[in-house]
Amino acid sequence: MVAASIVLAPLHPESDLRAVEAVYRRASDYLALESGLTPDAAARAFFEERPPTGDDAPLKFGVADDTGGLVAIGDLAFGYPEPTDACLGLLLLVPTVRGEGLGQAILGEVKRLASARGALRLLLGVLDANERARAFWERQGFKLNRTSGPHAFGKRHHLVHRLELPLGGNA
């Protein structure tokens, strides 16, 4: 399902709440692991959550398949935790497109956007229980920055590994 160019389409709660809820419904494996929330509660939280600091509201984005249906959602913040950082708060793919190169393609576009905004590094958090995701990010060149927690995620508590990737030729 990897297109030649990936479009990170901005998502808005007024028009896209149900589509985001459908992604969470299809990715129920992640939702059960991460928070135990219902898909509708997770979709509302997706639009409400923001980092404690940062330049602007985060970019809530979606990636559609060739039929126009969302198959991935994400959350990219700039200026958090440091002014020259970008933080990928979430990248969630529905199971049917995992392992096909879409995550890597989305990451390429995220890195391009972050670099264009002057970010020197890209950070993200991976739940300790999500070993498959951590392995993916480490294959992309991310390194452990620190581990913290446990933190509350809905009905669950997790240790979180903060991973970082230098941008702008600093790799």
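Data table
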quantity: Residue within the range 20-30 that is in contact with a strand residue (DSSP E or B) (Cβ under 7 Å, 6 or more places away or on another chain), under 25 Å from A114 (Cα atoms) and either part of a loop (DSSP other than H, G, I, E, B) or modelled with pLDDT of 95 or more (or both) present; calculated: yes
quantity: Qualifying residue in the range 47-68 (condition: over 15 Å from E109 (Cα atoms), part of a helix (DSSP H, G or I) and either basic (K, R) or modelled with pLDDT of 95 or more (or both)); calculated: yes
quantity: Those residues of the range 71-100 which are more than 21 Å from P166 (Cα to Cα) and not in a strand (DSSP E or B), in sequence order; calculated: V94, P95, T96, V97, R98, G99, E100
quantity: Selection status of I6, within 25 Å of K111 (Cβ to Cβ), aliphatic (A, V, I, L, M) and within 13 Å of the chain's Cα centre (by Cα); calculated: no
quantity: Residues satisfying the stated conditions in the range 65-87, i.e. closer than 21 Å to L17 by Cβ and surrounded by 15 or more Cβ atoms within 10 Å (Cβ to Cβ); calculated: D65, L70, V71, A72, I73, G74, D75, L76, A77
quantity: Considering residues of the range 67-106 that are among the β-branched types (V, I, T) and touching a residue at least 40 places away in the same chain (Cβ under 8 Å) only, the residue farthest from L124 (Cα to Cα); calculated: T96
quantity: Condition check for G36: at pLDDT below 95, assigned to a loop (DSSP other than H, G, I, E, B), under 23 Å from R132 (Cα atoms) and touching a Phe, Trp or Tyr at 6+ places or on another chain (Cβ under 9 Å); calculated: yes
quantity: T96 vs. criteria modelled with pLDDT of 95 or more, surrounded by fewer than 18 Cβ atoms within 10 Å (Cβ to Cβ) and among the β-branched types (V, I, T); calculated: yes
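One line per residue, one yes/no per condition, for (1) under 25 Å from L159 (Cα atoms); (2) modelled with pLDDT under 95; (3) assigned to a strand (DSSP E or B):
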{"site": "K111", "(1), (2), (3)": "no, no, no"}
{"site": "A114", "(1), (2), (3)": "no, no, no"}
{"site": "L123", "(1), (2), (3)": "yes, no, yes"}
{"site": "V126", "(1), (2), (3)": "yes, no, yes"}
{"site": "A135", "(1), (2), (3)": "yes, no, no"}
{"site": "L144", "(1), (2), (3)": "yes, no, yes"}
{"site": "G149", "(1), (2), (3)": "yes, yes, yes"}
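The values are calculated or read from the model by the stated rules, or taken from the named source; none is laboratory data. Small disclaimer: the values here were computed from a predicted structure and weren't measured. Using ideal geometry, Cβ is built from the backbone for each residue, glycine included, and neighbour counts are taken over all protein chains shown.
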